[in-house]
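Below: the structure, in structure tokens.
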Amino acid sequence: MALKDMLAKARAAATGAVTQHHAKIDQGITKIGEVANTKTAGRYEDQIAKGSHHARAGLDKIRSDRPDSARPNTDGLDTDGPAPGTPDPR
């Protein structure tokens, strides 16, 4: 099994786990934020809230992530070659 296949399999497993346990992970993010606010006596409440927001955004991104092969090509560009303005590595 090639490294690329192993990584794809691990990514699919992680995405599945995040999708399955999304609510528990979200509760964990909330709990961690509450504990951090308590430990710091609210001094860093804004930074903790911002970090929690970014963690939830990352969680949602992982949850909604699909393999590249399952994504429709909606931009109308050819995805086989390099991006415009970049050298072709082939």
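Every number in this text was worked out from the coordinates using simple rules, so none of it is lab data. Everything numeric here is computed off the predicted structure, so don't read it as measured data. Please note: Cβ atoms are built from the backbone with ideal geometry, for glycine as well, and neighbour counts cover all protein chains shown.
Some points to look at:
- Each Lys or Arg adds one and each Asp or Glu takes one away; over the other residues whose Cβ falls under 14 Å from the Cβ of residue 56, this sums to +3.
- Excluding same-chain neighbours fewer than eight residues apart, the lysines reachable from residue 31 by a Cα-Cα span under 29 Å are 39, 50, 61.
- Ranked packing of 2-10, 36-44, most packed first, by mean Cβ within 10 Å: 36-44, 2-10
- Residues of the range 11-28 falling in the label zone of residue 56, defined by backbone nitrogen less than 14 Å from a point 7 Å along Cα to beta-carbon, are 23-28.
- Gain on full stretching of the segment that runs from residue 49 to residue 3 - 0.36 nm per residue minus C-alpha separation: 12.8 nm
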